[in-house]
Amino acid sequence: MNNSLRKYLIWSPRILTILFALFLSIFALDVFNEGSDFFETILKLAVHLIPSFLILISLLIAWKHEIFGGLIFILFSVFYILMSWGKFPFSVYLIICLPMLIISLLYFISWRINPKV
């Protein structure tokens, strides 16, 4: 495997994790349309950003231990499906879970090709 492909496969799950956290954070912006006071809005925003914070904490773990990143994102996908099954159209599950499964696969690939020190 050439060096540029190796770098791409090592960095892509990390970059996609950051982008996915930003994507999830967009859904937290709906708290600004509710007409609540400042402190209530901040509290609601913090609650809505919990999934993004969990994704970023997972990124910190997966940065050094790619195998844990792969496992964590599979668990996140399964947890999301179990907790929300039947509440949304199938397309919602694809939009949320498919990126996490792709990120998980990329972390596993990164774990396999990344030389351990």
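The values are calculated or read from the model by the stated rules, or taken from the named source; none is laboratory data. Note that the coordinates shown come from a computational prediction; the quantities given were computed from them, not determined experimentally. Counting neighbours? That spans all protein chains shown, and the Cβs are built from the backbone with ideal geometry, glycine included.
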Next on the checklist: Here is a check on your reading of the model: is Lys44 in contact with a Ser or Thr (Cβ under 9 Å, 6 or more places away or on another chain) and at pLDDT below 95?
Outcome noted: yes
Next on the checklist: What are the pairs with Cβ atoms under 7 angstrom where one residue, in segment 4-26, is of a type outside the set (D, E, K, R) and the other, located anywhere, is not in a helix (DSSP H, G or I)? Sequence gap at least six, or different chains.
Outcome noted: Ile10/Asn114; Ser25/Leu49
Checklist entry - If you check Ser110, Ser91, Ser58, Ser77, which single one turns out to be farther than 12 Å from Arg14 by Cβ and in contact with a helix residue (DSSP H, G or I) (Cβ under 8 Å, 6 or more places away or on another chain)? => result Ser77
Checklist outcome for this item: For segment 82-117, the count of residues that are surrounded by 12 or more Cβ atoms within 10 Å (Cβ to Cβ) and farther than 18 Å from Ala21 by Cα equals 7
Item to check | Some residue of segment 25-40 being at pLDDT below 95, within 30 Å of Asn114 (Cβ to Cβ), assigned to a loop (DSSP other than H, G, I, E, B) and not charged (D, E, K, R) | outcome: no
Checklist entry - Restricting the search to segment 68-109, which residues are closer than 19 Å to Lys7 by Cα and at pLDDT below 95? => result none
Checklist entry - Of all the helices (runs of 4 or more DSSP H) wholly in segment 49-117, which have at least 2 residues that are among the aliphatic types (A, V, I, L, M) and touching a Pro at 6+ places or on another chain (Cβ under 8 Å)? => result 90-113
Checklist entry - Right, Ser58: surrounded by 13 or more Cβ atoms within 10 Å (Cβ to Cβ) and closer than 23 Å to Leu105 by Cα or not? => result yes
